[in-house]
Amino acid sequence: MPSSDGALLEASDLHRIYGAARVLRGVYLRLTPGDAVAVVGPNGAGKTTLLRILAGLVRPTAGEVRILGRRLERDDPGARRPIGFLPHQSMLYDDLTIRENLVFVARLFGLANPAASVRRALEELELTHRAGDRPRSLSRGLLQRAALARALLHDPRILLLDEPFTALDAAGADRLRSMLASRLAGGAALVLVTHQLSEAWDLATRVGVLANGRWALEVLREGALVDFAPRWEAALHG
Amino acid sequence: MTEPRDNGLDRARTLSRRGLGISVVALAAFAGVCVLALGFTPVEARQGLAQKIFYLHVPAAWSSLLAFSIVGIVSILYLWLRDRRLDLFAESSAEVGVMFSVVMLTTGPIWAKPIWGTWWTWDARLTLTLFVFFLFVGYLALRAAIHDPDERARFSAVLGIMGLVLVPFIHLSVYLFRTLHPQPIVLKPSAPSLPWEMLRTLLASVVTFTLLYIGLVTTRYGLALGRRARETPDAA
Amino acid sequence: MADSVRLAVVIAAKDIRAELRNRTALLSATVFAALVLVIFYFSRDPTAVPAIVLAPSVLWVTFAFAAIVALNRAFTVEREHGAMDGLLLAPVPRGAIFLGKYLANLAFVAAVQAVTLPLFVVFFNVDLGSALPGIVATAALASIGFVAVGTVFSAMAVRTRFAELMLPVLLLPFMVWPVRWAVEATARLLDGRPLSELAGWLRLLALYDVVFLTLCIMIFGAVVDE
């Protein structure tokens, strides 16, 4: 019986080597309900690789990821269910409408009532009026909303978002923040990679600076962003 | 921190050297087999002197099939154990194997033409070696086309296993074809009714080629390990 | 197990729906097959051999090339917008993903064959007669096998720079055999030979199907999972 002692996600000692490059050199992460970790760091630090390992798309060279106590591995597709991952790309099919794309995902996840789940997601992201359109005809901002709808459709408890605020205007960003906040209040946890810490500062409970494949700094988010910036600089160059 | 790296490189060098040693011994043995075949083995009545190439032909075919089977088996092991060295070993076996099959495919027609009056027949041995050659070429082409080492190892292993499973079907197909279309009777070199002197020479040649295979693969594998040790300084 | 089949059907249905929307790949493969038939027709010597003798070879070479052209569609479509990640993120067994792609490919290949066969009858003026059901059955038996292998290989080929070249190089050594057996069976069918003369070839085809379909379902995960 896998034990999780309250942890939604537990990643221990993650290493990842690509050819001759050590992209991750021992990363730890633990998420409990309500946790929101903002991950920042220079380009090439390994942020996207970390997210993909947590999502189960990439196998770590060493270390493991446990989701609600279950190891993430090839032979256990069910372990992936609580994860919602938003990569840079939309993962939408050009030849299907937004609605058809979402219904497909609902069926893949075996949701009890695909039509209802899709309707709810479209309403939450305010996409109902464009649901019959193909992804190609959507603006970048709307496409990002469609991608979010797809990622969150199955009500995941663990949200892994790679730069979700890209392409969103101020109103869109506000809507996203309140969406995420309500999910966090409902017991979900979230890891959010961003280049603009200001966008995620208020939402975050912790902030992690990833550099050279490991945490240069991983602290509770407290105080104001302006006070954090020097600590961040120090961590990178210290 | 630097210790594992030095050990790896040293081990690789030793392996290459040992492999070269075995190969040299095998080549010397091969020279001996040639002498044996030309000087101490009776000439075959119907086919004459040209038949002697059979002592080169059959073992080369055997070696390429051996090389291919090993690629297949090591591929299964790789997908199970995921040890990158297994992938390097399979690659070495494939490179040596493709060489042996080229030898077989060039000597085959040279032998067939004067004896059977035709460059090629679709008999079991030639057909199998031809397809093993195609599979090797596909294997090496796929490896050349994939840049990520992990992906390359995985894909090669899948191809190696699929190829291994294909081989029995080639056998079955040739067998079925032969039972339905009886071929003109030609010398069946693999029949046990060979006189002792010929059998002895054939066996000696097979052993020599197997030794050559072992030597060449060991050398190649040692080289691959060495390159890997040099390219990944802080990985085991 | 039942869930895997359901998921496979969901994936296959998605592929088929998308293809019916767009139709580019389907039409291209069909036109390609028609053109191959035309090339065969123009390159034969009409005085030498009656068309019916060439029929099995022409038909099967055409089927084979058209299938290769059609097979790359399945995974090219998943490269757009990182859609493959979407499939891999879901709690779907990798064998089910394979099965779904395979079924869509099979439907696709069957559609191209369904157009090619009548075209062949028309161009070559061949009377299939009572051999038609047998030929359809043989086509199904052969396609089941090589489409499975082709699905796995196209998943790999699509990750290389020249997928259209890589797929034939990988697939043809595996495809030659079911095609060869299908040609033997088709020739005998057109000749009106009794079923017992075909049995050996059909059995080989069936064995190939069972073995490779099983192997492909099991091995597909190694291709798509990093």
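The values are calculated or read from the model by the stated rules, or taken from the named source; none is laboratory data. Computed from a predicted model, the values in this text were never measured in an experiment. Please note: Cβ atoms are built from the backbone with ideal geometry, for glycine as well, and neighbour counts cover all protein chains shown.
Annotations
- Single residue of the stretch C:27-82 satisfying the filter (in contact (Cβ under 8 Å) with a residue 24 or more places away in the chain and aromatic (F, W, Y)) that is nearest to the other protein chains (Cβ to nearest Cβ): C:F75
- Verdict on C:S57 being surrounded by fewer than 16 Cβ atoms within 10 Å (Cβ to Cβ), within 30 Å of A:L92 (Cα to Cα) and in contact with a helix residue (DSSP H, G or I) (Cβ under 8 Å, 6 or more places away or on another chain): no
- Per the conditions (1) within 20 Å of the chain's Cα centre (by Cα); (2) crowded, with 20+ Cβ neighbours inside 10 Å, the sole criterion not satisfied by A:L184 is (2).
- Selection within the stretch B:120-131 - farther than 16 Å from B:L172 by Cβ and facing chain C (nearest Cβ under 10 Å): B:L130
- Residue in the stretch C:127-140 that is out of contact with any Ser or Thr (no Cβ under 8 Å at 6 or more places or on another chain) and either within 10 Å of another protein chain (Cβ to nearest Cβ) or in a loop (DSSP other than H, G, I, E, B) (or both) present: yes
- Only residues that are under 15 Å from B:G72 (Cβ atoms) and part of a loop (DSSP other than H, G, I, E, B) were counted across the stretch B:132-150, and they come to 0.
- Filtered residues of the stretch B:112-131 (kept if assigned to a helix (DSSP H, G or I) and surrounded by fewer than 19 Cβ atoms within 10 Å (Cβ to Cβ)): B:K113, B:P114, B:I115, B:W116, B:A124, B:R125, B:T127, B:L130
- Within the stretch B:190-236, considering residues that are crowded, with 18+ Cβ neighbours inside 10 Å and in a loop (DSSP other than H, G, I, E, B), the one modelled with the lowest pLDDT: B:A235
- Considering only residues in the stretch B:143-164 that are among the β-branched types (V, I, T) and touching a residue at least 60 places away in the same chain (Cβ under 8 Å), the one that is surrounded by the fewest Cβ atoms within 10 Å (Cβ to Cβ) turns out to be B:I161.
- Some residue of the stretch A:105-120 being farther than 17 Å from A:M179 by Cα, facing chain C (nearest Cβ under 10 Å), touching a Gly at 6+ places or on another chain (Cβ under 9 Å) and without any contact (Cβ under 8 Å) to a residue 12 or more places away in the chain: yes
- Test: residue in the stretch C:189-200 that is more than 11 Å from every other protein chain (Cβ to nearest Cβ), in a helix (DSSP H, G or I) and at pLDDT 95 or above: no
- Criterion: at the interface with another protein chain (Cβ under 9 Å from one of its Cβ atoms) and part of a strand (DSSP E or B) - qualifying residue of A:G84, A:G63, A:G56: A:G84
- In summary, A:E100 fulfils each of the numbered conditions (1) crowded, with 16+ Cβ neighbours inside 10 Å; (2) within 13 Å of chain C (Cβ to nearest Cβ); (3) touching a residue at least 12 places away in the same chain (Cβ under 8 Å); (4) over 19 Å from the mean Cα position of the chain (by Cα) with the single exception of condition (3).
- Of the set (1) under 30 Å from B:L86 (Cα atoms); (2) of a type in the set (A, V, I, L, M, F, W, C); (3) surrounded by fewer than 17 Cβ atoms within 10 Å (Cβ to Cβ); (4) facing chain C (nearest Cβ under 9 Å), all apply to B:F134 but (3).
- Options C:A163, C:A206, C:A155, C:A148: the member that is farther than 26 Å from B:F155 by Cβ and either within 8 Å of another protein chain (Cβ to nearest Cβ) or among the aliphatic types (A, V, I, L, M) (or both): C:A206
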